[in-house]
Structures are given as C-alpha cells and as structure tokens.
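S.K.: Got a structure for you, questions after.
The values are calculated or read from the model by the stated rules, or taken from the named source; none is laboratory data. Please read all numbers here as calculations on a predicted model, not as lab measurements. Neighbour counts run over all protein chains shown; Cβ positions are idealised from the backbone, glycine included.
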Amino acid sequence: MTEAQTWTLIATFITAFFGTLTLFGVMVTRLIPAEIGGVRAEMSGLATGLRADMGAMETRLSAKIDALDRDVQAIARRVFPDAG
C-alpha cells in the first residue's frame with residue numbers, strides 16, 4: 001500500500017469515528033429529554049394518586065373525629081348534667 005493510500009485510509013477511519021461520535025451525541029441529546037419527560041409524567045401520576053389517597057384519608061379521619069366528638073359530648077352531658 002502506498003503512502004497516499006495509507007493517509008486516505010487513516011482519514012476514512014477518522015471521518016467514520018467522528019461521524020459515529022456525532023451520531024451518538026445526537027441520539028443521546030434526543031434520548032435524555034424523552035426519558036426525563038417519561039419520568040416527569042410518572043411522577044405526576046404518582047402525585048395525583050397520592051393526593052387522592054390523602055383526600056380519602058382526610059375524609060375518613062374527619063368522620064372518626066366527629067364521631068369521637070359526639071361520644072365525648074354525650075359522656076360530658078352524663079357526667080356533668082348541670083354544665084350546659
């Protein structure tokens with residue numbers, strides 16, 4: 001192989017290397033925002049579910065506190081009939 005052919009082969013390999021490097025760079029810069037968007041959507045769904053669960057828990061807790069308040073008021077009326 002002559003010196004010109006060797007330099008042409010070296011240039012071809014370098015060009016292929018930088019082309020591959022550029023391709024991977026473009027692919028990564030497109031992939032990362034897509035993955036971040038997927039994670040963001042999943043976190044949003046989890047937050048929505050958590051809000052719904054907390055709302056249901058608040059409703060149940062409020063009902064239990066109201067029932068407990070009624071029971072305490074009934075006990076207070078029996079123990080202290082004059083204080084009303």
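S.K.: Could we say that residue 19 is in a helix (DSSP H, G or I), surrounded by 10 or more Cβ atoms within 10 Å (Cβ to Cβ) and at pLDDT below 95 here?
M.R.: no
S.K.: So, residue 40, is that one among the basic types (Lys, Arg), in a helix (DSSP H, G or I) and within 16 Å of the chain's Cα centre (by Cα) or not?
M.R.: For residue 40, the condition - among the basic types (Lys, Arg), in a helix (DSSP H, G or I) and within 16 Å of the chain's Cα centre (by Cα) - is met.
S.K.: Among (1) surrounded by 10 or more Cβ atoms within 10 Å (Cβ to Cβ); (2) among the acidic types (Asp, Glu); (3) at pLDDT below 95, there is one condition residue 82 misses while meeting the rest; what is its number?
M.R.: (1) is the only condition that residue 82 fails.
S.K.: Quick test for you: out of 74, 47, pick the one residue that is in a helix (DSSP H, G or I) and either surrounded by fewer than 10 Cβ atoms within 10 Å (Cβ to Cβ) or under 43 Å from the mean Cα position of the chain (by Cα) (or both).
M.R.: Step by step, each of 74, 47 is checked, and only 47 is in a helix (DSSP H, G or I) and either surrounded by fewer than 10 Cβ atoms within 10 Å (Cβ to Cβ) or under 43 Å from the mean Cα position of the chain (by Cα) (or both).
S.K.: Got a number for residues in segment 1-12 being assigned to a helix (DSSP H, G or I) and surrounded by fewer than 10 Cβ atoms within 10 Å (Cβ to Cβ)?
M.R.: So the count comes out to 3.
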